[in-house]
Amino acid sequence: MEIENIKSDERSMEQTILGAAETLFIEQGFDKTSTGQIAKLAGCNQALVHYYYRTKEKLFDLVFEKKMRMALNNFLQVESEGLDFEKRIPLMVGLHFDFLKNNPRIASFLLHELSRNPARIRNMIDKIRQYAQPLLERLNRDLEEAVKQGRIRPITGIDLLLTIVSLNVAPFLIRPVFQTALSLSDKEIEDILENRKREIVETVLSRLRPVAGN
């Protein structure tokens, strides 16, 4: 029993350190975060951070991969069986949009780190590709079938995903400036974001709908 308690405490501290690293990386970025800061926020000494994760780079890779997987899983959660695209698009847009809304700093974090160290991030993207590939393959199959049936205009899976992601990400990248410049309250900005989500759904659906007379 005592050994089990020790192992449980170790797992708890390991997760606490990871959580502290996630908070600091997202708030400050990789360069401005130190293992000393991570240890302080986690309530442990710096040696424990190195004991569990060896380096700051290892911690960062774990945090970055976790966030990328979470973003992709929002698309993967949308089941295709029995749903046409008019019903799937609101789900795909909504799940991804709400993920960004609940993680307001994640968009700027991912973009900043992707541009900061392309070589290291490229290795991470290779690992993430295993989660994206099944999504793209499924999307392309469903899109091809919908095009054959005349339900939508031709579009590739990657184009559809890029359209959704770019439209969803933009409001959260400009939110701080937009809210300050227009002196908007949190309630007002929330209402704007909800309306924006509906506009994005309609924009994507308009792109997919067959042109009348064709």
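The values are calculated or read from the model by the stated rules, or taken from the named source; none is laboratory data. Note that the coordinates shown come from a computational prediction; the quantities given were computed from them, not determined experimentally. Cβ sites come from the backbone with ideal geometry, for glycine too, and all protein chains shown count toward neighbours.
Of the residues that sit in segment 156-179 and are surrounded by fewer than 18 Cβ atoms within 10 Å (Cβ to Cβ) and aliphatic (A, V, I, L, M), which one is farthest from Leu91 (Cα to Cα)?
So, considering only residues that are surrounded by fewer than 18 Cβ atoms within 10 Å (Cβ to Cβ) and aliphatic (A, V, I, L, M), the one farthest from Leu91 (Cα to Cα) is Val177.
Suppose we filter segment 161-192 for residues that are assigned to a helix (DSSP H, G or I) and more than 30 Å from Arg151 (Cβ to Cβ); how many remain?
Result for segment 161-192: 17.
Answer yes or no as to whether Leu114 is over 26 Å from Leu208 (Cβ atoms), in the same structural domain as Leu62 (by TED's automatic domain parsing), in contact with a Lys or Arg (Cβ under 8 Å, 6 or more places away or on another chain) and surrounded by 13 or more Cβ atoms within 10 Å (Cβ to Cβ). Break it down stepwise before answering.
Values: over 26 Å from Leu208 (Cβ atoms): yes; in the same structural domain as Leu62 (by TED's automatic domain parsing): yes; in contact with a Lys or Arg (Cβ under 8 Å, 6 or more places away or on another chain): no; surrounded by 13 or more Cβ atoms within 10 Å (Cβ to Cβ): yes.
Criteria not met by Leu114.
Return the residues of segment 128-183 that are touching a Lys or Arg at 6+ places or on another chain (Cβ under 8 Å) and without any contact (Cβ under 8 Å) to a residue 12 or more places away in the chain; say none if nothing qualifies.
Val147
Restricting to segment 52-67, and then to whatever is without any contact (Cβ under 8 Å) to a residue 24 or more places away in the chain and among the charged types (D, E, K, R), can you tell me which residue is surrounded by the fewest Cβ atoms within 10 Å (Cβ to Cβ)?
Among those that are without any contact (Cβ under 8 Å) to a residue 24 or more places away in the chain and among the charged types (D, E, K, R), it is Arg54.
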